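The numbers here are math on the coordinates, done by the rules we state, and not lab data. Treat the numbers as computed from the prediction; the structure is a model and nothing was measured. For neighbour counting, all protein chains shown are included, and Cβ atoms are generated from backbone atoms with ideal geometry for every residue, glycine included.
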């Protein structure tokens, strides 16, 4: 792009890092995908440009395979599925990047959070809550106003001119909980956990569905440990993260180690080297591929990112584990050691989902809307063949709900049986139960399982209850 003039001559500035070729004739296979408007440098106050998207491959066969993947990705797009399955929306009246979850989406989200909460409690985490706004002094101490201000919403003036900010992070609040009383080495490791809603001003050009939002809930943990506990705690944290992600159905991982960002970091080189080496050792012990991300760390410390591949091979950044020597210094944190002297703790930042919203979107696309039975907003739909079967269908629904399952009934008079079955399948319900005369007489159901073309007839209701219970217990 020509954006400068030197001595009356236009100077070409290349916005692409490359590599480059002299002409498209040197590329064996390529295709232009689409065009879109984009603001210069992502700022809506700048001029609007036209962005051209394309893809290039080494062979026509590789291009064809990639195009098939793109078609499948479009079919799985969480924004489309969110509307079709009535899970969430982005009302214009609320604003860009601010989602509302509908009842069905709320069920999935609650189940995600509840299971995570259960596992955290088993692992010794303690749950905390913190407010959504704070005085500016807190983020001045933490350094966020120096290093993160461009991603924060503007301040509010309250109480006679005192500046308050919507929080972009939870970590300073958890530090204050640590600081609320004198800590002993016997208190450590202290693992604090919160589903904390934070707010970040993402530019309108980068806001994207649930994967890039302005209001988000982090499953945020902060661990306060001694220097001696650091290696073991990092290892157990990474094992915990990988195990929990597997429980949600993700299996294919590699790790990324992000190091000190140039010109935007606090702390000494020695501290960064120690923290980076500790993370490297933990990552290498996991028997997973490790990729180096030079300069990708936070301003206060390096991090390990868990990268997960979904059902169609796309890579998503998932959990992050950050080692931090700086925040304990900035807040003058300490604990009383066995020698009765004051010592500085080490802080570990850990977000497992990243954000609940983003993880919701990733799972929605990973499963193409077909959540496993334990996560499905509706686990079974009961369809009476005719009006005379309504009473029995209601009894089936009541039994399923009494067992703790999420079941609904669609009356016979609403549409034909064929159309009701089709609608239930479009809603991706794991089980569609059809009940008729023989079922009402013998206490059975006809079972149409998602993904199966062979309906099962005359299944005893007790047998189906046991089957669904096993699906939930084994997270299928």
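Compared with the alpha-carbon gap, the fully stretched path from residue 135 to residue 197 is longer by 20.6 nm at 0.36 nm per residue.
Looking at the square roots a ≥ b ≥ c of the eigenvalues of the Cα gyration tensor of segment 304-345, which shape do they give, rounded for a/c under 1.5, prolate if a/b is larger than b/c, or oblate? Walk me through the numbers before you get to the answer.
Values: a/c = 8.00, a/b = 3.68, b/c = 2.18.
Prolate.
Place a label point 7 angstrom from the Cα of residue 39 along the Cα-to-Cβ direction, then list the residues of segment 202-229 whose backbone nitrogen is under 12 Å away. It comes to 202-207, nothing else. The share of Cα pairs per 10 Å bin across segment 342-409, counted from zero up to the longest distance, runs 17, 27, 22, 16, 9, 5, 3, 1 percent.
Average projection, convex hull of the Cα set of segment 380-473: 5.4 square nanometres. Using R0 = 41 Å, the C-beta based FRET efficiency linking residue 114 and residue 17 works out to 0.40. Between the C-alpha center of segment 456-476 and that of segment 294-312 there is a gap of 40 Å. Full extension of the chain between residue 401 and residue 51 yields a length gain of 120.8 nm, computed as 0.36 nm times the residue separation minus the alpha carbon distance.
Comparing Cα centroids, segment 122-139 and segment 166-242 end up 8 angstrom apart. Computed from the coordinates I sent, percent of Cα pairs over 42 Å apart equals one of (i) 31; (ii) 27; (iii) 11. Tell me the label. Read-out taken from this structure: (i).
Counting only Cα atoms, I'd like the Rg/Rh figure for segment 186-251, Kirkwood definition for Rh. Result: Rg/Rh = 1.10. Counting only Cα atoms, the size of segment 82-366 along its three principal axes is 62, 56, 37 Å, in decreasing order.
Segment 378-439 and segment 15-51 have Cα centres separated by 51 Å. When only Cα pairs below 8 angstrom with a gap of at least 6 residues are kept, the chain shows a relative contact order of 12 percent.
On full extension of the chain, what length is gained from residue 92 through residue 228, given 0.36 nm per residue of separation minus the C-alpha to C-alpha distance? Don't skip to the end; give the middle numbers.
Values: separation 136, 0.36 × 136 = 48.96 nm, distance 5.14 nm.
Between residue 92 and residue 228, full extension yields 43.8 nm more.
Each DSSP beta bridge with both residues in segment 380-473 is either parallel or antiparallel, and the antiparallel ones are about 45%. The Rg/Rh ratio of segment 30-189, with both radii computed over alpha carbons and Rh defined as the Kirkwood radius, is 1.08. Remark: segment 262-377 projects, on average over all directions, an area of 10.7 nm² (convex hull of Cα atoms). Each label point was placed 7 Å from the Cα along the Cα-to-Cβ direction; for residue 158 and residue 339 their separation is 4.4 nm.
Report the relative contact order of segment 380-473, percent, no decimals, based on alpha-carbon pairs under 8 angstrom and at least 6 residues apart.
27
Three principal axis extents of segment 323-381 based on alpha-carbon atoms, in descending order, are 63, 21, 14 Å. Residue ranges 360-371, 322-333 sort as 360-371, 322-333 when ordered by packing (mean number of other C-beta atoms within 10 Å per residue, highest first). Listed peptides 256-262, 26-32, 169-175, 268-274 appear in the order 169-175, 256-262, 268-274, 26-32 once ranked by packing, highest mean of other Cβ atoms within 10 Å at the front. Summary value for segment 15-98: 22 percent relative contact order, contacts being C-alpha pairs under 8 angstrom separated by 6+ residues. Here residue 73 and residue 388 are evaluated by their C-beta separation; at R0 = 45 Å the FRET efficiency comes out at 0.45.
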